[in-house]
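Below you'll find the structure, written out as structure tokens, and then a few comments.
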Amino acid sequence: MEPALPVSVAVGTGAVLALIGLGASFAISPRVGLVAAAYVILQFLYSGPFKHVVILDVMTVAAGFVLRAVAGAAAIDVSISHWLLVCT
């Protein structure tokens with residue numbers, strides 16, 4: 001069965017959307033942009049080798065939740081509670 005969307009189109013669209021998202025993140029603040037860049041790198045690694053290694057798979061998914069919480073705190077310019085980080 002042939003995929004509904006060619007891989008090259010999916011990769012190109014993903015790259016363009018990632019660049020737009022990173023640009024918007026850096027426009028909010030440099031800290032948000034850096035967290036977003038870390039998230040994009042993490043997702044790139046997860047899409048490749050990390051999802052095939054059991055512990056790295058789980059840790060990558062968990063780190064994504066933590067990075068999103070950190071990005072939210074950076075976006076509104078507040079210090080994030082260590083309890084929020086632990087619970088996330």
Margin query: Taking the solvent-accessible surface of protein heavy atoms with a 1.4 Å probe, what is the per residue accessible area of the chain in Å²?
Written below: 72
Check: Where the convex hull is taken over the Cα atoms of the chain, what is its projected area averaged over directions, in nm²?
Finding: 7.1
Item checked: Candidate residues M59, M1: accessible-area rank, largest first, probe 1.4 Å -> M1, M59
Next item on the list: For the chain, run through the chymotrypsin sites (Phe, Trp or Tyr not before Pro) and keep only the ones in DSSP coil with at most 11 other Cβ atoms within 10 Å of their Cβ.
Entry: none
Check: Given Cα pairs under 8 Å that are at least 6 residues apart, what percent is the relative contact order of the chain?
Finding: 25
Next item on the list: Using a cut-off of under 20 Å, list every residue of region 1-26 whose amide N is near the label point 7 Å from the Cα of H52 along the Cα-to-beta-carbon line.
Entry: 7-8, 11
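The values are calculated or read from the model by the stated rules, or taken from the named source; none is laboratory data. The model shown is predicted, which means the values in this text are computed figures rather than measured ones. Note that we place each Cβ from the backbone using ideal geometry, even for glycine, and neighbour counts take in every protein chain shown. Just the protein is used for accessible areas: all its heavy atoms, side chains included, with ligands, DNA and RNA removed. Shrake-Rupley method; radii C 1.70, N 1.55, O 1.52, S 1.80 Å.
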